[in-house]
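Notes follow the structure.
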Amino acid sequence: MSQPTDLTCPNTSNATVVRRARKLEFLTLAWNLVEAAVAIGSGAVADSAALIAFGIDSLIESSSSVVLLWRLCGGDRGEARERQALGLVGLSFLALAAYVAVDATRTLIAKTPPDGSLAGIVLAILSLVVMPLLSARKRRLAALLRSNALHADSRQSSLCATLSGILLGGLSLNAIWGWWWADPVAGLMMAPIIIKEGLQALRGQACSDCQP
């Protein structure tokens, strides 16, 4: 019999799948908080627009995980929370895109060369490994739960992997060849990708499109 401290949400169908989804969101939350701390800290030291943007993306993904945990704990109210959760995920994308565009443009205009960041390069490589795995698992669970919000969150994890590749390119070009402009250009390359994902989340997606 469950104890009072049991985290299982009441009145939720597919209880086993929901528990798996919640564990996955807790894992994503923990990873993204560490990722954000390393990226923003390293980005501030190196004055890297792309690295700081990547860190903020990780913070937004953390908030996305909190939103999804809120949705998954909705019980009978979960479906009503679905649209709200999608809207919050979408708005977080657009907020990040605005920040990235402004900060990267400012860096290019000021011609401020960032320092190299070994920590950032290592972080980008690790994220390229971890985030696709999390994204794939979320998509499978989203299909089982028929949750548009969880599917949108899986796209956000997939986006993080894409941004990791762009970040790695920018940081590597700057570190190896001294191409300082590669860092803010990497940030600008992120912006349209982020905007697209934000608009898709705001519009919502049919559950029939949520494939495992």
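Looking at Leu145, Leu173, just one residue is hydrophobic (A, V, I, L, M, F, W, C), surrounded by fewer than 20 Cβ atoms within 10 Å (Cβ to Cβ) and in contact with a helix residue (DSSP H, G or I) (Cβ under 9 Å, 6 or more places away or on another chain), and that residue is Leu173.
Scoring Leu133 on the criteria (1) closer than 15 Å to Asn32 by Cα; (2) surrounded by 24 or more Cβ atoms within 10 Å (Cβ to Cβ) leaves a single failure, condition (2). Take the residues of the range 176-204 that are over 16 Å from the mean Cα position of the chain (by Cα) and at pLDDT below 80: which is surrounded by the most Cβ atoms within 10 Å (Cβ to Cβ)? Of everything passing the filter in the range 176-204, Gly204 is surrounded by the most Cβ atoms within 10 Å (Cβ to Cβ).
Pick from Ser2, Ser65, Ser42, Ser13: which is of a type in the set (Ser, Thr, Tyr), buried (at least 21 other Cβ atoms within 10 Å of the Cβ) and either touching a His at 6+ places or on another chain (Cβ under 6 Å) or at pLDDT below 85 (or both)?
Numbers: Ser2 fails: buried (at least 21 other Cβ atoms within 10 Å of the Cβ); Ser42 fails: either touching a His at 6+ places or on another chain (Cβ under 6 Å) or at pLDDT below 85 (or both); Ser13 fails: buried (at least 21 other Cβ atoms within 10 Å of the Cβ).
Of Ser2, Ser65, Ser42, Ser13, the one residue that is of a type in the set (Ser, Thr, Tyr), buried (at least 21 other Cβ atoms within 10 Å of the Cβ) and either touching a His at 6+ places or on another chain (Cβ under 6 Å) or at pLDDT below 85 (or both) is Ser65.
The condition (being modelled with pLDDT of 80 or more and either over 21 Å from Ile193 (Cα atoms) or not basic (Lys, Arg) (or both)) is satisfied by just one residue among Ala80, Ala104: Ala104.
Tally the residues that are of a type outside the set (Val, Ile, Thr) and within 25 Å of Gly87 (Cβ to Cβ), restricting the search to the range 31-69. Can you show your working first?
In the first step, residues of the range 31-69 are kept if they are of a type outside the set (Val, Ile, Thr); the result is 31-33, 35-37, 39, 41-44, 46-51, 53-55, 57-59, 61-65, 68-69.
Subset that is within 25 Å of Gly87 (Cβ to Cβ): 31-33, 35-36, 53-55, 57-59, 61-65, 68-69.
So the answer is 18.
Which of the residues that make up the range 145-168 are over 24 Å from Pro184 (Cβ atoms), in contact (Cβ under 8 Å) with a residue 40 or more places away in the chain and hydroxyl-bearing (Ser, Thr, Tyr)?
Quick first cut of the range 145-168, residues over 24 Å from Pro184 (Cβ atoms) only: 145-155, 157.
Still in the list and also in contact (Cβ under 8 Å) with a residue 40 or more places away in the chain: 145-153, 155, 157.
The answer is Ser147, Ser157.
Can you spot a residue in the range 114-135 that is under 19 Å from Leu69 (Cβ atoms) and at pLDDT below 80? Looking for residues that are under 19 Å from Leu69 (Cβ atoms) and at pLDDT below 80, one finds none in the range 114-135, hence no.
Contact map, the range 27-46: residues that are closer than 16 Å to Leu171 by Cα and touching a residue at least 24 places away in the same chain (Cβ under 8 Å) paired with residues that are β-branched (Val, Ile, Thr) and in a helix (DSSP H, G or I), Cβ distance under 8 Å, separation 6+ or inter-chain. Pairs shown: Ala39/Ile52; Gly43/Ile52. Looking across the range 16-39 at every residue that is at pLDDT below 85 and among the β-branched types (Val, Ile, Thr), the one that is farthest from Pro132 (Cα to Cα) is identified as Thr16.
The values are calculated or read from the model by the stated rules, or taken from the named source; none is laboratory data. Just so we're clear, the structure is a prediction, and the values are computed from it rather than from any experiment. FYI the Cβ positions are ideal-geometry reconstructions off the backbone, even for glycines, and counts take in every protein chain you see.
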